[in-house]
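A.B. asks: First, the structure itself, so that you have it in front of you.
The values are calculated or read from the model by the stated rules, or taken from the named source; none is laboratory data. The structure presented is a predicted model; accordingly, all values stated were derived computationally and were not measured. Reconstructed Cβ throughout: ideal geometry from the backbone, glycine too, with neighbour counts over all protein chains shown. Side chains are part of the model used for accessible areas, which takes the heavy atoms of the whole protein and leaves out ligands, DNA and RNA. Shrake-Rupley method; radii C 1.70, N 1.55, O 1.52, S 1.80 Å.
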Amino acid sequence: MSSYKIETKCIQSGYEPGNGEPRIVPIYQSTTFRYTSSEQMGRLFDLEESGYFYTRLQNPTNDIVAAKICDLEGGAAGMLTSSGQAANFYAIMNIAEAGDHIVCASALYGGTYNLYAHTIKKMGIEATFVDPDCTEEELNGVFRDNTKAVFGETIANPALVVLDLEKFASAAHAHNVPFIVDNTFATPVNCRPFEWGADIVTHSTTKYMDGHAACVGGAIVDSGNFDWMAYGNKFPGLTAPDETYHGIVYAEKFGKAAFITKATAQLMRDLGSIQSPQNAFLLNIGLETLHLRVPRHCENALAAAEYLKGHEKVAWVSCPSLPGDKYYGLASKYMPDGTCGVLTFGLKGGREAAVKMMDKLKMIAIVTHVADARSCVLHPASHTHRQMNEKELLEAGVQPDLIRFSVGIENIEDIIADLEQALQ
Ligand SMILES: *Cc1c(COP(=O)(O)O)cnc(C)c1O
């Protein structure tokens, strides 16, 4: 981890060119890398030496950008993936297998809910979803002998539930398993979950990190703090020999980089969800201004939330930075500088009025996206969470009338004017 402040890390981390080398991160647009000795390339395949040989495993552009995100989170090792979905899939598959169990906070992004509730279930991994506001006793009660991880989102998309990170970290650690946090909405500018006990952080870099709605991407960062060897029987994938690499033991050989090395060497090798170097290049340009954009998103969201709260046609507003919000206390503790630019609200006319109002918006667009420079809205019950029944919707914190509003970095007066005419 560098000693720079977060703003400097956004610009400088991950890449320091030598004499005569490109000033900004070059795109290594190459599937493969040349060697003069066949012996040396053999050592790369055995993980005896580190080096590039095939972009499905590693690519220099991607590694530079992963190193920047790792530094922003204060981690020990990081990797990019093709999407946030791939990041959350790999984070679990790297430590759990058929017959295992995971504990998840129930307020989750719809895609992650489907992944954990249905897709990995077909692979034999079962998830228990717990109310993020549950008591410590309730939380401790859902662990089993075969539980391998605890998962939650810093700020849930779209429920905007702020996770009590310390509560979840201490329950995970009391049961000798790592705590994995999807930090997409908060970004490391507003919250660094490792400082609150998380062991592994994932991101959909598609959102604020890219920030311009240009590239789908993901990232995984490991704090290096979880001691796999101490609970060896629980995590044989990390603590027992990997026969596909001549019997190396990841936790012994790679120390704090064990989790990421295994995810790269096994999962990326076999499943191949790589980020393209071109996308990593664009992501890096987004990251350079993350520290400027995130505060403006937060400021605009708070102003829009205050405006909506005072409007006669609005039934409710949820924005964790708004005093009086159910999660204001947790937000002030974990994210004192701001939460995110996303807020949700409902109209007195319910679901029908929501859809009607959205259709009247002019500048603010209806898109399946959040967390980019442009203001946009979505109705999760009709769009992202469409597959869920009413009960699943409410468990995920999504009321049927909920409008998700991702406040952009346009001038706040233009944003409010568009809301005003659509509400009229
Ligand atoms: C969007 C999102 C994901 C999925 O990421 P993709 O890049 O779309 O695959 C995961 N988690 C959260 C919190 C998200 O907002």
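A.B. asks: Given the Cα-Cα distance of residue 121 and residue 382 and 0.36 nm per residue of separation, how much length would full extension add, in nm? All intermediate terms of the calculation are to be shown ahead of the outcome.
C.D. replies: Working: separation 261, 0.36 × 261 = 93.96 nm, distance 2.50 nm.
So the extension gain works out to 91.5 nm.
A.B. asks: Moving on to the next point. Using only alpha carbon pairs under 8 Å that are at least six residues apart, calculate the relative contact order of the stretch 1-67 and give it in whole percent.
C.D. replies: Numbers: 39 pairs, mean separation 23.6, N = 67.
Relative contact order here is 35 percent.
A.B. asks: What does the accessible area per residue of the stretch 265-323 come to in Å², with a 1.4 Å probe and no ligands, DNA or RNA counted? Mind dumping the intermediate values first?
C.D. replies: Values: 2350 Å² over 59 residues.
Result: 40 Å² of accessible area for each residue.
A.B. asks: Here's something else I'd like to know. Which net charge results for the neighbourhood of residue 11, defined as the other residues with beta-carbon distances under 14 angstrom from its beta-carbon, given Lys and Arg at +1 and Asp and Glu at -1? Don't skip to the end; give the middle numbers.
C.D. replies: Details: positive: 5, 9, 23, 68, 293; negative: 7, 16, 71, 288.
That works out to +1.
A.B. asks: A further question follows. What is the mean projected area of the alpha carbon convex hull for the stretch 241-334, to one decimal in square nanometres?
C.D. replies: Numbers: hull surface 43.2 nm².
For the stretch 241-334, averaging the hull's shadow over all directions gives 10.8 nm².
A.B. asks: Pairs of lysines 8 or more apart, or on different chains, with alpha carbons under 16 Å: count those in the stretch 293-424, would you?
C.D. replies: Numbers: 309/326; 309/348; 313/348; 313/356; 313/360; 348/356.
Pairs that pass both the separation and distance tests number 6.
A.B. asks: Can you tally the net charge around residue 372? Count Lys and Arg as +1, Asp and Glu as -1, for every other residue whose Cβ sits under 14 Å from the Cβ of residue 372.
C.D. replies: Working: positive: 207, 293, 296, 374, 404; negative: 210, 410.
Its environment carries a net charge of +3.
A.B. asks: Tell me the label-point distance for the pair residue 299, residue 348, using the 7 Å Cα-to-Cβ offset, in nm and rounded to one decimal.
C.D. replies: 3.3
A.B. asks: For all pairs of alpha-carbon atoms in the stretch 1-102, what percent lies in each bin of width 5 Å, listed from the first bin to the last filled one?
C.D. replies: Going out from 0 Å in 5 Å bins, the stretch 1-102 shows 2, 10, 15, 18, 19, 17, 11, 5, 2, 1, 0 percent.
A.B. asks: Continuing with this model, one more query. Go through the stretch 371-424 and name the trypsin sites (Lys or Arg not before Pro) that are in a DSSP coil and have 16 or fewer other Cβ atoms within 10 Å of their Cβ.
C.D. replies: Values: sites: 374, 386, 391, 404; in loops: 374, 386.
Listed in order of number, the matching sites are 374, 386.
A.B. asks: Would you calculate the separation in nanometres between label points at residue 328 and residue 244, each defined as 7 Å from the Cα along the Cα-to-beta-carbon direction?
C.D. replies: 5.1
A.B. asks: Determine which lysines satisfy two conditions relative to residue 253: a Cα distance under 16 Å, and not lying fewer than 8 residues away in the same chain.
C.D. replies: Within reach: 262.
A.B. asks: Still on this structure, please answer the following. When the gyration tensor of the chain is built from Cα positions, what are the square roots of 5 times its three eigenvalues, in whole Å, from largest to smallest? Present the calculation step by step, with values, prior to reporting the outcome.
C.D. replies: Numbers: eigenvalues 272, 134, 65 Å².
Square roots of five times the eigenvalues give 37, 26, 18 Å.
A.B. asks: Contour minus end-to-end for residue 306 and residue 391, with contour as 0.36 nm per residue of separation and end-to-end as the Cα-Cα distance?
C.D. replies: Numbers: separation 85, 0.36 × 85 = 30.60 nm, distance 2.98 nm.
Stretched out fully, the residue 306 to residue 391 stretch lengthens by 27.6 nm.
A.B. asks: With contacts defined as alpha carbon pairs under 8 Å and 6 or more residues apart, what's the relative contact order of the stretch 1-146 in percent?
C.D. replies: 19
A.B. asks: Which GluC sites (Glu not before Pro) from the stretch 39-88 combine a DSSP loop assignment with at most 13 other Cβ atoms within 10 Å? Could you put the intermediate results ahead of the total?
C.D. replies: Working: sites: 39, 48, 49, 73; in loops: 48, 49.
Within the stretch 39-88, the qualifying GluC sites (Glu not before Pro) (loop, at most 13 other Cβ atoms within 10 Å) are 48, 49.
A.B. asks: Sticking with this structure for a sec: Answer rounded, prolate or oblate for the stretch 83-191, using the Cα gyration tensor with square roots of eigenvalues a ≥ b ≥ c: rounded when a/c is under 1.5, else prolate when a/b is larger than b/c, else oblate.
C.D. replies: On the way: a/c = 1.59, a/b = 1.11, b/c = 1.43.
Since a/c reaches 1.5 but b/c is at least a/b, the shape of the stretch 83-191 is classed as oblate.
A.B. asks: Here's another thing I want to ask about it. Of the heavy-atom accessible surface of the chain (probe 1.4 angstrom), what whole percent is carbon and sulfur?
C.D. replies: Working: 8790 of 17460 Å².
Carbon plus sulfur share of accessible area: 50 percent.
A.B. asks: Could you check which residue among 235, 259, 151 shows the biggest mean-square fluctuation in a GNM of the chain with a 10 Å Cα cutoff?
C.D. replies: Among 235, 259, 151, the largest GNM mean-square fluctuation belongs to 235.
A.B. asks: Can you give me the three principal axis dimensions of the stretch 322-383 from its C-alpha atoms, in Å, biggest first?
C.D. replies: Sorted from largest, the Cα extents of the stretch 322-383 read 37, 28, 18 Å.
A.B. asks: Can you give me the accessible area per residue for the stretch 27-126, using a 1.4 Å probe, in Å²?
C.D. replies: On the way: 4060 Å² over 100 residues.
Value returned for the stretch 27-126: 41 Å² of accessible area per residue.
A.B. asks: For every other residue with a beta carbon closer than 14 angstrom to the beta carbon of residue 23, add +1 if it is Lys or Arg and -1 if Asp or Glu, then tell me the sum.
C.D. replies: On the way: positive: none; negative: 16, 21, 288.
Charge balance in the 14 Å sphere: -3.
A.B. asks: Whole-Hz ³J(HN,Hα) for each residue in the stretch 395-404, computed from phi via Karplus 6.51 cos²θ - 1.76 cosθ + 1.60 with θ = phi - 60°, x for glycine and proline: what do you get?
C.D. replies: Calculated HN-Hα couplings, in order: 5, 7, x, 10, 6, x, 8, 5, 9, 8 Hz.
A.B. asks: Using the alpha-carbon centroid of each, what span in Å lies between the stretch 372-424 and the stretch 55-75?
C.D. replies: Value for the Cα centre distance between the two parts: 32 Å.
A.B. asks: DSSP loop (so not H, G, I, E, B), at most 14 other Cβ within 10 Å: list which GluC sites (Glu not before Pro) in the stretch 247-356 pass both filters. Provide the component values of the computation, followed by the final result.
C.D. replies: Working: sites: 252, 288, 299, 306, 312, 352; in loops: 312.
Listed in order of number, the matching sites are 312.
A.B. asks: For 54, 116, what's the largest-to-smallest order of accessible area, 1.4 Å probe?
C.D. replies: On the way: 54 95, 116 0 Å².
My answer, sorted largest first, is 54, 116.
A.B. asks: Grab the Cα-Cα distance for residue 195 and residue 227, subtract it from 0.36 nm times how many residues apart they are, and report the gain in nm with one decimal.
C.D. replies: Working: separation 32, 0.36 × 32 = 11.52 nm, distance 1.68 nm.
Using 0.36 nm per residue and subtracting the Cα-Cα distance, I get 9.8 nm.
A.B. asks: Please compute one quarter of the surface area of the Cα convex hull for the stretch 174-275 and express it in square nanometres.
C.D. replies: Working: hull surface 29.1 nm².
Result: a mean projected hull area of 7.3 nm².
A.B. asks: Whole percent per 10 Å bin, from 0 to the bin with the longest distance: what is P(r) over all C-alpha pairs of the stretch 283-342?
C.D. replies: Each 10 Å bin holds this share of Cα pairs: 24, 44, 25, 8, 0.
A.B. asks: When only Cα pairs under 8 Å and 6 or more residues apart are kept, what is the percent relative contact order across the stretch 237-284? Let's see the in-between values first.
C.D. replies: On the way: 30 pairs, mean separation 10.4, N = 48.
Normalised by residue count, the contact order of the stretch 237-284 is 22 percent.
A.B. asks: Also, quick follow-up: Could I have the simple spin-label model distance between residue 313 and residue 97, label points 7 Å from Cα toward Cβ, reported in nm to one decimal?
C.D. replies: 5.7
A.B. asks: Follow-up question, since we're still on this one. Can you give the calculated 222 nm mean residue ellipticity of the chain, where each DSSP H run of n ≥ 4 adds -39,500 (n - 2.57) and the sum is split over every residue, rounded to the nearest 500 deg cm²/dmol? Mind showing how you got there, number by number?
C.D. replies: Details: 17 runs with 145 residues, N = 424.
Taken over the chain, the calculation gives -9500 deg cm²/dmol.
A.B. asks: Something else about it: Could you tell me the distance between the Cα centroids of the stretch 264-308 and the stretch 181-245, to the nearest Å?
C.D. replies: That distance is 15 Å.
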